[in-house]
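Here is the structure we will look at.
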Amino acid sequence: MKTTHPDRMRRRLARRALTLPLPLALVLATGLALPALAGRAAPPALPAGGDSLALERRVKAAFLYKFLGYAEFPAQAFADSASPLSIAVVGSDDMAMELARIASGRTVGGRPILVRSMREQDAVPPVHLLFVAGSDTERAGRVLRAAPAAMLTVTECDGGLRHGSIINFRIVDERVRFDVSLDAAEKKNVKLSSRLLTVANRVQKGGA
């Protein structure tokens, strides 16, 4: 009987967790119903109207929470060993509330998670993850240019990587997927796990 090494199984499950259809990805990303990994499901069609937007927001929030576990920040990004992982959401109170709900009571690397909602005109404080909501590429560029250097930056607009974002969400075949810029990660002094890169829709190395 063939056996599976535990580490190999964990890597396999991690890859599947980031590529599951939307509802299953949301369930897994929020730490619920792990047995669902054993099943296979065809990508479901997103519901029409506001339900589609709400589901997309919940899934993206779940992925933002998961990204923290696949990123390594410089030691100077924390005041001490008890400092929280901080997230700033620019341009969407709904996303900030959803992310705060998912992260409530959970930790990453033993650190609690602090979520704050911000407007474009607010000065972004030093945080570990910055998410710029919305499809306005120019606004995303302005926010990213004004942001502090060492942080994981995530956008959801066309051309987000060209404006310096490390991760940019995309909808591909009714799934939430993401592209990654290794050049931007290096500039921000953020190291990304190879497990994250293996499930990215596209990994950009060097120029756009």
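Values in this text are rule-based calculations from the coordinates and carry no lab data. As the structure is a prediction and not an experimental result, all values here were calculated from the model. When we count neighbours, we look across all protein chains shown, and the Cβ atoms used for this are built from the backbone with ideal geometry, even at glycine.
Rounded, prolate or oblate: which fits region 47-94, taking a ≥ b ≥ c as square roots of the Cα gyration tensor eigenvalues, rounded meaning a/c under 1.5, else prolate when a/b beats b/c?
Working: a/c = 4.19, a/b = 2.61, b/c = 1.60.
Prolate, since a/c reaches 1.5 and a/b exceeds b/c.
Taking a sphere under 13 Å around the Cβ of Arg170 and counting the other residues whose Cβ falls inside, with K and R at +1 and D and E at -1, yields a net charge of -2.
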